[in-house]
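My questions all concern the structure below.
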Number of protein chains: 2
Amino acid sequence: MQVKSVRRSNPERTAEMRARLVAKARRLFVTHGYAATSTPSIVEAAGVTRGALYHHFADKQAIFRAVVEAESEAVAAAIAAADTPGLSARARLLAGAKAYVLAMQAQGRTRLLLIEGPAVLGRDTIREIEGRNGDASLKTGLEEAIAEGTLPRLPIEALTSLLSAMFERAAIDVAEGEPTDNVLAVIAQVLRGLATSEQKA
Amino acid sequence: MQVKSVRRSNPERTAEMRARLVAKARRLFVTHGYAATSTPSIVEAAGVTRGALYHHFADKQAIFRAVVEAESEAVAAAIAAADTPGLSARARLLAGAKAYVLAMQAQGRTRLLLIEGPAVLGRDTIREIEGRNGDASLKTGLEEAIAEGTLPRLPIEALTSLLSAMFERAAIDVAEGEPTDNVLAVIAQVLRGLATSEQKA
DNA sequence: ACTTGCATGCAGGCTGCCTGTTTGTTAAAT
DNA sequence: ATTTAACAAACAGGCAGCCTGCATGCAAGT
């Protein structure tokens, strides 16, 4: 390692070192979990010392957060790429859910974003990271559906939260072996049921 | 403390000490989280030394697991007490969901069972602890509803998992301030929608 | 162009804490 | 009277965060 030692400007060094540490840390966090991943093991994998890590990150949580943020952005990008405007609100919701579940199948993604993330960083922080991506678009999608009358008037915050919880569990279940078609069938049915049934019975 | 020092048989001592340690640990786990709760702080709160703790529990995870198990049993008991047989399958499901959400409002319960539990003990272990209670009865309830034709034929595992994920998020949202009526309205609508809409559209 | 001075990137060691283990002591059970 | 359970207390690693020191990049003055 470090054989080349090319001339690099400081901004380049910083970016490369941070990316290197985040990549190595990601693998360890995914395979062993946050608590069982020591900072010595991270820097050993990156071929540097703990001095480097603590120069770029305030503490162990900070590098974990960097890993989670990168992961969240990757998911958001995949969903945005799969978005198909022009469809009905309900169809777009279903397509978005499918894209989300598929995007979450990258190795370790459910563990990072859905299991350890909330426990290590706290639900508020995770929402701050993911919220501006995932839930926000889901919420607007639901609002549109309500506005165009294809969805009954329901408390938007609760509706968004409960549906996103369903999507998240769907991603976990698929990652654990449940056939994608099964969870998508349930999601489709729930969305269809929400749309068809009229408010009060 | 320890002023009385009454004559106690060993089984009594064991039961009392375990209960005492679990109770003190519970408070600390709830307020500071698992990682930030040290075994010295637990035994200090209980007025003993770490020798006592490690005599009764194999490791730190073991006492956390004891806390989680006690919590899970309390939830199961509350739900069982609220069960009202004789209703339609769908009404029982809704009543069960409401009982679950209410039972989960005990201080720190969502954090223990839904946030830290899966991260610390792993999803498999949590399912082993909770599974025999919560999801099992939900699954049979759903199967009954499908059998009696009030619910469409859907993959039972996926359906159970996604609905329980919704209920869990509902409990978290209520614990974080969302009005109970809001989340219950969404749950009711989802259950109603599932029931009314016929299989394929 | 050169050097002077500061900032940045990183290495290595130090401290305090924590977890799990082991050894020792007291009280109960047989 | 032994044996065993309940606890205390000391011990042995390991880890997180901090701090100091060195080397390299960078900017400004001359």
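Using Cα springs under 10 Å in a Gaussian network model of chain B, which residue among B:Tyr100, B:Tyr34, B:Tyr54 shows the largest mean-square fluctuation?
B:Tyr54
For the stretch A:67-196, just the Cα atoms, rotate onto the principal axes and tell me the three extents in Å, largest first.
That gives 40, 30, 24 Å along the principal axes, largest extent first.
From the cross-link list B:Lys24/B:Lys139; B:Lys98/B:Lys139; A:Lys60/B:Lys60; A:Lys98/A:Lys139; B:Lys60/B:Lys98, which pairs have alpha carbons spaced over 24 Å apart?
In this structure, B:Lys24/B:Lys139; B:Lys60/B:Lys98 exceed 24 Å between Cα atoms.
Here is a further query. Computed FRET efficiency, Cβ-Cβ of A:Glu12 and A:His32, R0 35 Å: what is it to the nearest 0.05?
0.70
Using a 1.4 Å probe over the heavy atoms of the protein chains, calculate the carbon and sulfur portion of the accessible area of chain B as a whole percent.
Carbon with sulfur: 52 percent of the solvent-accessible area.
Percent of Cα-Cα pairs per 10 Å bin, from 0 to the last occupied bin, for the stretch A:47-102, please list those.
P(r) for the stretch A:47-102, in whole percents per bin: 21, 31, 19, 17, 10, 1.
What does the accessible area per residue of the protein assembly as shown come to in Å², with a 1.4 Å probe and no ligands, DNA or RNA counted?
Using a 1.4 Å probe on heavy atoms only, each residue of the protein assembly as shown averages 50 Å².
Taking the Cα centre of chain A as origin and charging only Cβ (+1 Lys, Arg; -1 Asp, Glu), how large is the dipole, in debye to the nearest 20?
Computed charge dipole of chain A: roughly 780 debye.
About the Cα centre, and with charges only on the beta carbon of Lys, Arg (+1) and Asp, Glu (-1), how big is the dipole of the protein assembly as shown? Nearest 20 debye, please.
1320
Also, I was wondering about something else. Report the percentage of all Cα-Cα pairs in the stretch B:8-57 whose separation exceeds 16 Å, rounded to a whole percent.
Beyond 16 Å sits 36 percent of the P(r) for the stretch B:8-57.
Using the C-alpha gyration tensor of the stretch A:150-201, what are the square roots of 5 times its eigenvalues, in whole angstrom, with the largest one first?
Ellipsoid semi-axes (Å, largest first): 24, 13, 6.
Can you give the helix-only mean residue ellipticity at 222 nm for chain B, where every DSSP H stretch with n ≥ 4 adds -39500 (n - 2.57) and the sum goes over all residues, rounded to the nearest 500 deg cm²/dmol?
-22500 deg cm²/dmol
For chain A, what does the relative contact order come out to in percent, with C-alpha contacts under 8 Å and a separation of six or more?
Computed value for chain A: 19 percent relative contact order.
Helix A:89-103 versus the longest principal axis of chain A: what is the Cα-based angle in degrees, 0 to 90, to the nearest 10?
Relative to chain A, helix A:89-103 is tipped by roughly 30 degrees.
On to the next question. Summed for both chains, how many Å² of accessible area, to the nearest 100, are buried between B and A with a 1.4 Å probe?
Using a 1.4 Å probe, the pair buries roughly 3300 Å².
Could you point to the residue in B:Gln189, B:Ser137, B:Ala103 farthest towards the positive end of the stretch B:67-196's charge dipole, with +1 and -1 charges on the Cβ of Lys/Arg and Asp/Glu respectively?
B:Gln189
Output the residues of the stretch A:140-158 meeting this criterion: accessible area (heavy atoms, 1.4 Å probe) in the chain alone minus accessible area with all protein chains in place is 30 Å² or greater.
Residues meeting the cut-off: A:Leu154, A:Pro155, A:Ala158.
For the protein assembly as shown, count all C-alpha to C-alpha pairs, find those more than 32 Å apart, and express that count as a whole percent of the total.
So the pairs more than 32 Å apart make up 43 percent of the total in the protein assembly as shown.
Another one. Can you work out ³J(HN,Hα) from phi for every residue in the stretch B:162-178, in order, using Karplus 6.51 cos²θ - 1.76 cosθ + 1.60 and θ = phi - 60°, giving whole Hz and x for Gly and Pro?
Rounded to whole hertz, the list is 5, 5, 5, 4, 4, 4, 5, 5, 4, 4, 5, 4, 5, 4, 9, x, 5.
The values are calculated or read from the model by the stated rules, or taken from the named source; none is laboratory data. Just so it is clear, the structure is predicted and the values come from calculations on it, not from any experiment. Here Cβ is always computed from backbone atoms with ideal geometry, including for glycine, and neighbour counts include all displayed protein chains. Just so you know, the surface numbers come from the protein's heavy atoms only, side chains and all, with ligands and any DNA or RNA stripped out. Shrake-Rupley method; radii C 1.70, N 1.55, O 1.52, S 1.80 Å.
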